[in-house]
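All remarks here apply to the structure that follows.
Derivation of every value follows stated rules applied to the coordinates shown; laboratory data play no part. The shown structure was predicted, so the numbers you read here are calculated from the model rather than taken from an experiment. FYI the Cβ positions are ideal-geometry reconstructions off the backbone, even for glycines, and counts take in every protein chain you see.
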Amino acid sequence: MTALATTVTETLRYRGKVGQWAWVLHRLTGLGVIVFLILHVVDTSWAAFYPSDYEQAIREYQSPLFTIGEFFLVASVVFHALNGLRIVTLDYKPEWWRYQERATLLVFALTLLVLVPTFAVMLDHTVAFYTSDRDIATLDEIVQTQSLFVMGFVVILVVALALSGLYGLVTRSSQGVKLSGGWEATLWTYMRVSGVLILPLVFGHLVLMHILQGVFDIAGVPELEVVGTNAINQSGTAVEFVGARWNALLAGVAVWRIYDGLLLALAAIHGFNGLRYIVNDYARSVWVNRALNWAIFFGVIALIVVGAAALIAGADETAYKLATDMLSSVQ
Ligand code: HEM
Ligand code: HEM
């Protein structure tokens, strides 16, 4: 953990270079987005497996606390994507390295340029929601649900640390987790290729969920046409919103299931491998490093399995009914 302390103190001490701040922000935004993605994929799977819980999750996403988080999330995705593009371009065009500083300033400027109109539209949705008499989740409800996630993370950490300790005792191994050079090179390329592929997918997803319709339209608005489909959300539940999108067919193909599946696989592997870079930079103790690497490895598999299972299962009339019952019980 001294490495983490050094990063913090040296970043603050080392003044003047905009590239240093871009590096720190790239790391922080990547970390923020992967934490969100974990919660988001688990939540979304509830539309298929626990419809009432999904309805509750969306109620919470519509609360002021999450609305503020949503603005940070969008800002993080936009900065991380544009800065990622800069990194990829300069990695493959070393002759442009002398423009590093200008390229970084351009990334900050473009981030602002994208965020100003995006935030204006999001603010419009937000004001319309809070000035209507819609029902809003209380802080108590939020703490109750979200503390389950915190407990989940703690349990995973404790189990990983215990197993890593046991492994160390049995094998007397003093080795952390180290991938072969070939694997590291493949993952380095994967980070770049996947970043470029994720960019249009995640921006498309955010345009649908923040600009064309907002998180506030996902639930609580009956008879609304569901974005990207010809379906009408009859019940106005979040579960029917997701069900309608996943069931929409274009020339017989479930386009949104394929779209979400691609985004899931690309972003989960990219994000968890990014998390691995961060862990390997700061967790120097062999015991902790091995535990965190194992948690990352099994975490990415579990997340992709859960997300894919929900995409395959989908949501139907029975799920819409459970969600409607839940909404009427809290309103
Ligand atoms: C607050 C912002 C967001 C909202 C409101 C939102 C909303 C949704 C909704 C309603 C779905 C259900 C399926 C669908 O309608 O297509 C979904 C699925 C999904 N979203 Fe988002 N999304 C947000 C941000 C993101 C971001 C930033 C990412 C990527 C980093 C992402 C990745 C995914 C993935 C991978 C799925 C599929 C999950 C599964 O397979 O179960 N979302 N999102
Ligand atoms: C939107 C398009 C994206 C692009 C163009 C992009 C690009 C990149 C690039 C080039 C790197 C550096 C890799 C390296 O140093 O070898 C990186 C790191 C990272 N990315 Fe992304 N990325 C994108 C989306 C995402 C998403 C959706 C997540 C989370 C799910 C994410 C999480 C991370 C993390 C945690 C790191 C590690 C940061 C570090 O080592 O400091 N990225 N990204």
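Would you list 284, 86 from fewest to most Cβ contacts within 10 Å? Numbers along the way, then the final one.
Details: 284 13, 86 20.
Ranked by crowding around the Cβ, least crowded first: 284, 86.
Nothing charged except the Cβ atoms of Lys and Arg (+1) and of Asp and Glu (-1): what's the magnitude of the dipole of the chain about its Cα centre? Round to the nearest 20 debye.
1900 debye
Along the charge dipole of the chain, Cβ charges K/R +1 and D/E -1, which of 322, 107, 173 sits furthest on the positive end?
173
Could you tell me the distance between the Cα centroids of segment 190-222 and segment 149-167, to the nearest Å?
One Cα centre to the other: 32 Å.
Helix 51-61: angle to the longest alpha-carbon principal axis of the chain, degrees 0 to 90, nearest 10?
That helix lies at roughly 70 degrees to the long axis.
How would you rank 259, 92, 277, going from fewest to most other Cβ atoms within 10 Å of each one's own Cβ? Show your work: numbers first, answer last.
Working: 259 17, 92 9, 277 13.
Starting with the residue having the fewest Cβ neighbours, the order is 92, 277, 259.
If each residue's Cβ is checked for other Cβ atoms within 10 Å, how do 275, 112 rank with the fewest at the top?
112, 275
Cα axis of helix 64-92 to longest principal axis of the chain: angle in degrees, 0 to 90, nearest 10?
Rounded to the nearest ten degrees, it is 50.
Given a cut-off of under 8 Å on Cα pairs at least six residues apart, what relative contact order in percent is computed for segment 192-327?
So the answer I get is 24 percent.
Suppose every Lys and Arg Cβ carries +1 and every Asp and Glu Cβ carries -1, with no other charges. What dipole size does segment 1-124 come out with about its Cα centre, to the nearest 20 debye? Could you put the intermediate results ahead of the total?
Values: 9 positive and 10 negative charges, 155 e Å.
The dipole magnitude comes to about 740 debye.
What base-10 log of the normalised intensity I(q)/I(0) is obtained for segment 133-218 from the Debye formula, alpha carbons as equal point scatterers, at q = 0.15, 0.17, 0.20, 0.22 Å⁻¹?
Normalising to I(0) and taking log10 leaves -0.99, -1.01, -1.02, -1.03.
Could you give the angle, 0 to 90 degrees to the nearest 10, between helix 317-330's Cα long axis and the longest principal axis of the Cα atoms of the chain?
90 degrees
At what distance in angstrom do the alpha carbon centres of segment 263-331 and segment 95-121 lie from each other?
30 Å
For the chain, state the semi-axes of the equivalent ellipsoid (square roots of 5 times the eigenvalues of the alpha-carbon gyration tensor), sorted largest first and rounded to whole angstrom.
They are 35, 26, 20 Å, listed largest first.
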